[in-house]
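Structure record follows, encoded as structure tokens.
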Amino acid sequence: MRHLLWVYALAFSASAASGQQPDTIVRQPALDGIHAPDSLDLALRPDCLEQATDTVQSRTAPPGAVADSLCLTRRQAVAEALAHNPLLQVAAEQVAQAHARKVQGTAIPDPAFSAVFDQSPGLFGAGGGTERSVSASLTIPFLDKFRLQGRVGTADVRSATFSAALTRQLIVSQTSQTYDSLLAALRRARDLGEAKALAQDFVRRAQARYNAGTTPKLDLVRAQVELAQAENQLIANARDLANARAALNRLVGRPLGAPIAAADSLAVPPGLPDLDSLEVAALAARPELGDLRSQQEGARAATGLAREYWLPDLTIGISRDYADPGPGVLFTGVSLPIPLLFWQHSRGEIGEARHRELELAAAVRDLQGQVGQDVRAAYAAAAAALRQAVYLRDELLPLARRAYRIASVSYGLGGSSALELIDARRNLLDAESQYTDALAAANSTRADLQRAAATPLDAFETGDRHDR
């Protein structure tokens, strides 16, 4: 019987020790596949030199400031954001705090020291006394409580880890979308520059025809108005460029006014994977679902811990009375609650813990529906934006360019009026603007779909590419 008791004691001690072990499960946040290569070339490239130089000159910086410019591809921008964004450090510190809370939850109480001077005429034994006892004791909770506290702490650590993964995914999505906004602003600047050149050519033609007496003064004024509008649109787009650069600098952890340029160009993205495979991947990889499941594990452990309210605590200590020349004595004790009012516990902390489990189970079911809806909404937006970009590239934009060329040649030959040329030019500018917006939307919605699926889209089989 004695050997059996020792076996039980060792088993309980092992469960208590396991509760104090650190959480060795390392959960890598999703979307690791989008990392840039280990050796990133972040120096200025020739295709970015013009952008960086324009940025520095717009800020009236010295010529040497160009060396501090940064030219990034999309993958490099994402890698820089994952390496330097302050929000990731915030998430990492929250995970460290969860580890610290687990250590606190599974810690063995500190020993207590006490000294008692009994039947003494003065304070703290002054004037002598009949008893001067000193004791040191250690109160140990029931050992299974350490195991359950360890499960609660582990669930807390995993929950914080999933929150960090969610932060990581949001930063990836935001960086990609901000990069697309910079590309869109750069493309609009190019289109508006071409529009300004066309407006200047229109002014020259109108001036020549006016000087020749073949067109009224009103056509020349209209041409000058078109040129002024093109210049005004360039000024407005410069503001969008500055905002996009500042937003990208903030995401990659650089000063907001630092020169930064984009090495990629805005193009039609590849086709989209199958919706069903994306939804399955999202239900398996979304950090929000992992967070709730970790909370469920912690809630089950908390329920078990609440049900052990009646289990005894052990006290071990040693005491010695210095008024008695004998040796010190070892004492042990058991503190056992008497659950006479047991319904207060079953309806109190135990009931709260059980209802917490039911709450989390319902939250998981609801979140699964939200994830599925999020994936479907992001897929619909990405598919529509991709179709619009392809249609504008293949149908509307070529027709608008052809119409403008015909109107321009006809106006030069005197066969069409200035109003017809202005209308054709505005249609062309509108088509180019729609195409730029569609390209930006196609790439941004693709990044949002990748966030919703919590898996790189390159990991799925896609349809035909729509490269420009």
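Just so it is clear, none of the values below were taken in a lab; they were calculated from the coordinates. Being a predicted model, the structure only gives us computed values, none of them experimental. Glycine gets a Cβ as well: all are built from the backbone with ideal geometry, and neighbour counts include every protein chain shown.
So the label point goes 7 Å from the Cα of GLN89 along Cα→C-beta, right? Which residues of segment 238-272 then have their backbone N under 16 Å from it?
250-256
Quick one: grab Rg to one decimal and Dmax as a whole number for segment 190-322, Cα atoms only, in Å.
Computed over the Cα atoms of segment 190-322, radius of gyration and Dmax are 35.1, 125 Å.
If you take every residue apart from PRO337 with its C-beta less than 14 Å away from the C-beta of PRO337, what net charge results, scoring Lys and Arg +1 and Asp and Glu -1?
Around PRO337, the charge tally is -1.
Around ILE140, which amide H atoms from residues at least 5 apart in sequence, or from another chain, sit under 5 Å from its own amide H, with H modelled in the peptide plane?
Residues meeting the criterion, in which the H sits 1.01 Å from N, are LEU314, THR315, ILE316.
What does the extension gain come out to for SER335 and VAL134, with contour length at 0.36 nm per residue minus their alpha carbon separation?
70.2 nm
State log₁₀ I(q)/I(0) for segment 324-402 at q = 0.17 Å⁻¹ as given by the Debye formula over alpha-carbon point scatterers of equal weight, solvent excluded.
-0.89
Stretch GLN373-GLN200 to full length: gain in nm at 0.36 nm per residue minus the Cα-Cα span?
57.3 nm
Please compute the modelled spin-label separation between ILE318 and ALA380, points set 7 Å along Cα→Cβ, answer in nm with one decimal.
The two pseudo-label positions are separated by 7.5 nm.
Determine which lysines satisfy two conditions relative to LYS102: a Cα distance under 16 Å, and not lying fewer than 8 residues away in the same chain.
By straight Cα distance, LYS102 reaches LYS145.
Output the direction-averaged projected area (hull surface divided by four) of the convex hull of the alpha-carbon atoms of segment 363-418, in nm².
Over all viewing directions, segment 363-418 projects a mean Cα-hull area of 5.3 nm².
Please give the contour-minus-distance gain from GLU357 to ASP458: 0.36 nm per residue of separation, less the Cα-Cα distance, rounded to one decimal in nm.
32.6 nm
Can you return the lysines within cross-link range of LYS196? Criterion is Cα-Cα under 30 Å, with same-chain partners fewer than 8 residues away left out.
Of all the lysines, those that pass the test against LYS196 - Cα under 30 Å, at least 8 places apart if same chain - are LYS217.
I want the local charge near GLU308. Using Cβ-Cβ distances under 9 Å, sum +1 for each Lys or Arg and -1 for each Asp or Glu among the other residues.
Counting the neighbours of GLU308, the net charge comes to +1.
Once amide H atoms are built 1.01 Å from N in the peptide plane, which residues 5 or more positions from GLY271, or in another chain, come under 5 Å H to H?
GLY463, ARG465, HIS466
Please grab the % of Cα pairs in segment 162-245 that end up more than 21 Å from each other.
Here the long-distance tail beyond 21 Å is 51 percent of all Cα pairs in segment 162-245.
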